[in-house]
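Enquirer: The structure that follows is given in the form of structure tokens.
The values are calculated or read from the model by the stated rules, or taken from the named source; none is laboratory data. Bear in mind the structure is a predicted one, so any value in this text is a computation, not a measurement. In this analysis, Cβ positions are derived from the backbone assuming ideal geometry, glycine residues included, and neighbour counts consider all displayed protein chains.
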Amino acid sequence: MARILAVDPGEKRLGIALSDPTGTIANPLTVIEHVSRMVNAAAIAALAHENQAERIIVGQNIDDDGKPTAFGRSAARLAEALRLQTDLPVVLWDEAGSTRAARQAHIKMGGSRRSRQKRGHSHLDDLSATYILQTYLDAQVTADSIEKSQP
């Protein structure tokens with residue numbers, strides 16, 4: 001496996017995470033301020049190139065019926081813009097629970113509610129992207145294990 005870059009698209013900011021070279025562990029990378037879909041896509045594609053990523057994962061909100069929400073449709077449009085900016089594979093991935101998981105991780109790391117409010121959600125954006133990427137990486141390991149165990 002190789003490095004994979006993940007995006008947690010938000011209205012104001014986009015959290016970015018990057019896997020280790022083995023494609024096993026997700027780490028927060030940065031936060032990009034939202035400008036426009038095409039400018040954001042160009043910045044994400046540049047980050048992917050700079051970090052030698054071989055794939056880009058975009059978090060997508062899915063409702064209880066398995067359909068994209070309004071934010072999910074916006075994520076799909078970002079993924080489409082990314083495909084115009086790079087030849088790398090761009091994959092939409094269900095981001096269910098990423099914000100809640102990022103908030104819990106922030107608290108476990110000693111971050112107070114006050115620090116979250118003071119800093120806005122910028123720290124949570126890259127943690128959300130990290131959660132999205134880690135769930136993707138874990139699912140790939142599970143899929144590979146199942147595939148290898150079948151006769």
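Enquirer: Residues in the stretch 70-85: is at least one surrounded by 19 or more Cβ atoms within 10 Å (Cβ to Cβ), aliphatic (A, V, I, L, M), touching a residue at least 60 places away in the same chain (Cβ under 8 Å) and under 12 Å from Ile132 (Cβ atoms)?
Expert: Yes: one or more hits.
Enquirer: So for the stretch 21-35 (the condition being without any contact (Cβ under 8 Å) to a residue 12 or more places away in the chain and either surrounded by fewer than 19 Cβ atoms within 10 Å (Cβ to Cβ) or polar (S, T, N, Q) (or both)), does at least one residue qualify? I'd like the intermediate steps shown before the answer.
Expert: Within the stretch 21-35, the subset without any contact (Cβ under 8 Å) to a residue 12 or more places away in the chain is 35.
Of the ones still in play, those that are also either surrounded by fewer than 19 Cβ atoms within 10 Å (Cβ to Cβ) or polar (S, T, N, Q) (or both) are 35.
Yes: the stretch 21-35 contains one or more residues that are without any contact (Cβ under 8 Å) to a residue 12 or more places away in the chain and either surrounded by fewer than 19 Cβ atoms within 10 Å (Cβ to Cβ) or polar (S, T, N, Q) (or both).
Conditions tested, residue by residue: (1) under 14 Å from Tyr136 (Cβ atoms); (2) of a type in the set (Val, Ile, Thr).
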{"site": "Ala6", "(1), (2)": "yes, no"}
{"site": "Ser19", "(1), (2)": "yes, no"}
{"site": "Thr24", "(1), (2)": "yes, yes"}
{"site": "Pro28", "(1), (2)": "no, no"}
{"site": "Glu33", "(1), (2)": "no, no"}
{"site": "Ser36", "(1), (2)": "no, no"}
{"site": "His49", "(1), (2)": "no, no"}
{"site": "Ile56", "(1), (2)": "yes, yes"}
{"site": "Ala70", "(1), (2)": "no, no"}
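Enquirer: Answer yes if at least one residue in the stretch 49-63 is of a type in the set (Asp, Glu), surrounded by fewer than 17 Cβ atoms within 10 Å (Cβ to Cβ) and in a strand (DSSP E or B), and no otherwise. Step through it out loud before you land on a result.
Expert: We begin by selecting, within the stretch 49-63, every residue of a type in the set (Asp, Glu); these are 50, 54, 63.
Next, from what is left, pick out any that are surrounded by fewer than 17 Cβ atoms within 10 Å (Cβ to Cβ): 50, 54, 63.
Right, trim to in a strand (DSSP E or B) and you get none.
Checked the stretch 49-63: no residue is of a type in the set (Asp, Glu), surrounded by fewer than 17 Cβ atoms within 10 Å (Cβ to Cβ) and in a strand (DSSP E or B).
Enquirer: Which numbered condition trips up Phe71, out of (1) under 26 Å from Ala2 (Cα atoms); (2) modelled with pLDDT of 90 or more; (3) among the hydrophobic types (A, V, I, L, M, F, W, C)?
Expert: (1)
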